[in-house]
Amino acid sequence: MPTHAPEVTSTSMVTGRRGDVFAMLPLASASANAASDAKNLSMALDRLKLARVRGVMIDVWWGVVERAAPRSYAWDGYVELIGMCRARGLEAHCVLSFHACGSSVGDGGCAIPLPPWAATANGDEYFTDARGGQSREYLSLWSDETRARCRGDRSPSECYGEFAERFAERFADDIRDGVITQVIVGLGPCGELRYPSYCARRRWGFPGTGALQCYDERARAAWAMDAASRGGVPEWGRAPPNDGARYNVDPDGRALDVVVLDCGGSGGGERREASESESDDDVGEQSPERKQRRLAMSRSASSASNSLADLRVSSAPSISSLLENSRRYEDNKDEDAFFREAYATARGKHFLSWYARELTAHADRVLERVCDAFHRAGVDPEIGIKCPGVHWWVKHPSRAAECAAGYYGADGESAYTEIVRTCAKFNASLTFTCVEMRDIEHDAAHMCSPETLLAQVLRDCATHGVRVHGENALFRLDDNAYSQILRAYGKINTGDDGNGLNTNTSALSSFTFLRSCDALFEEENFARFTDFIRRMSA
């Protein structure tokens, strides 16, 4: 296992000048053997080149390349696709996508699962909510260092590091020649560093807070250990709070009539109304396995002992004893009370700090392995990560949606500082979404502020010298979205925009448009897109 961060050198490739525009390619642009629909893809690349994009973003799927068996890599489809970019003088930003595709808004009906051998058969390596529902979009970070025979005696983090090393070796010439200029490391659902607290496939809808995702056995053991050994109260470790359990509520626990965005479609999906009474679990989660998990949680509530209360920091409790106690499911009649009041208690603050710290530690572990892998391969592209713009409920004291996704700042501190510091440690850039959104586009009752959120991230990144690449969160072709992006990049006006974003000192670098599709190439839409690129390059 790597023991230190790789040395940062001045020779690291830096990609994307301020205002350069990249276009995200369709999710399934390559199979294991060939570029997908090569004729239409070639035409799309030609038109994007004509519009003067600097390059494209490509998802390189773990579930495509290494699907057949552990350590069996099929790169041919991506070799062809990168060759098509090289032939046109287009740069490529490659996302090492270690998540499954098909559960999120904008997945466009694309279904790419994790490799079938990625998780153990008993299903204990997935993020789990308080009701026993599991997300199978990304392996639980609490399994990062757990080796298993099904993975070729490797842990998930070892799989990610080895995948990165094989990628670096196979595409070394493309990296050295400046064709592949950035590699974004997927760190969670949608390739973003976050918990799967909100997911369209699980019937979550905007602006639901989403639900906490720390109820698998390893997560419970980790929380119990932290409560017993980091200045907390051992009794807190009996179980994570179960009063933040539902997806489609506001921070005060009131059920919402939400808008669920369909996972299908080529853009942002079809909008349809759904209430909290509908199932918010993954497809298939009303299964015998799920019922068994919930039964075990309920039984442990009545049978678990109170031995954690006797633990002392000076003692070193065994993982097995902590796990036994962490299985205790504390019955709470008000399962939506956490973000109304409990989040602000000493226990709530300790829990949310731990929950966010675990997410940052996951980023540190995986980035260390990936950076070491590229170092061993002798290539040095810009390394980056993605963070989501969880902009709803930002103005609520709890910032509940961010907290559920793993972003928490205690006592008014920035929720992004530690993540930005991790980026700085590895000389990694940060891609941030929701650059196209304006506060006034949202219902005031939902306490949204994408502009304030972007400004906050830019301040943190500027403080720590981290480059920021922008991205739109939703597929939009309207003038308001383009104007907001131009404003963020200082192409319309300068100075403070009222939310603390000074465009003269903005850390923003390139921008990636989500996404290339048939609608983009319609005559009027493409003309507007081309004009946007022209204005970004001015």
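The values are calculated or read from the model by the stated rules, or taken from the named source; none is laboratory data. These numbers come from a predicted model, not from an experiment. Glycine gets a Cβ as well: all are built from the backbone with ideal geometry, and neighbour counts include every protein chain shown.
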(request) Kindly establish whether Arg47 is modelled with pLDDT of 95 or more, touching a Phe, Trp or Tyr at 6+ places or on another chain (Cβ under 9 Å), of a type in the set (Lys, Arg) and outside any loop (DSSP other than H, G, I, E, B). (result) yes
(message) Among the residues of segment 265-283, are any in contact with a Ser or Thr (Cβ under 8 Å, 6 or more places away or on another chain), assigned to a loop (DSSP other than H, G, I, E, B) and at pLDDT below 95?
(response) yes
(request) Please find, within segment 111-139, the residue that is nearest to Phe98 (Cα to Cα) out of those that are in contact with a strand residue (DSSP E or B) (Cβ under 8 Å, 6 or more places away or on another chain) and among the small types (Gly, Ala, Ser). (result) Ala118
(message) Checking Lys491 against (1) under 30 Å from Arg47 (Cβ atoms); (2) in a loop (DSSP other than H, G, I, E, B); (3) modelled with pLDDT of 95 or more: exactly one of these is not met. Which one?
(response) (3)
(message) Give me the residue from segment 360-373 that is crowded, with 22+ Cβ neighbours inside 10 Å and of a type in the set (A, V, I, L, M, F, W, C) and, out of that set, nearest to Ser197 (Cα to Cα).
(response) Ala363
(message) Can you report the number of residues in segment 148-173 which are closer than 15 Å to Val60 by Cβ, among the acidic types (Asp, Glu) and surrounded by 17 or more Cβ atoms within 10 Å (Cβ to Cβ)?
(response) 2
(message) Suppose we filter Val65, Val60 for residues that are at pLDDT 95 or above, of a type in the set (Val, Ile, Thr) and touching a Lys or Arg at 6+ places or on another chain (Cβ under 9 Å); which single one remains?
(response) Val65
(request) Working only within segment 494-532, note down all residues that are modelled with pLDDT of 95 or more, assigned to a loop (DSSP other than H, G, I, E, B) and of a type in the set (A, V, I, L, M). (result) Leu514
(request) Would you mind listing the helices (runs of 4 or more DSSP H) fully within segment 343-439 where at least 1 residues are in contact (Cβ under 8 Å) with a residue 12 or more places away in the chain and hydroxyl-bearing (Ser, Thr, Tyr)? (result) 346-377, 417-425
(request) Output yes when any residue across segment 58-69 is closer than 19 Å to Ala35 by Cβ and among the basic types (Lys, Arg), and no when none is. (result) yes
(request) Determine whether Ala211 is farther than 30 Å from Gly470 by Cβ, of a type outside the set (Ser, Thr, Tyr) and surrounded by 22 or more Cβ atoms within 10 Å (Cβ to Cβ). (result) no
(message) Take Ala68 and tell me if it is more than 25 Å from the chain's Cα centre (by Cα), surrounded by fewer than 21 Cβ atoms within 10 Å (Cβ to Cβ) and part of a loop (DSSP other than H, G, I, E, B).
(response) yes
(request) Any residue in segment 236-250 that's farther than 15 Å from Trp392 by Cβ: show its pairings with residues that are at pLDDT below 90 and aliphatic (A, V, I, L, M) at Cβ separation under 6 Å, as long as the two are six or more apart or on different chains. (result) Gly237/Leu308; Arg238/Leu308; Asp243/Ala337
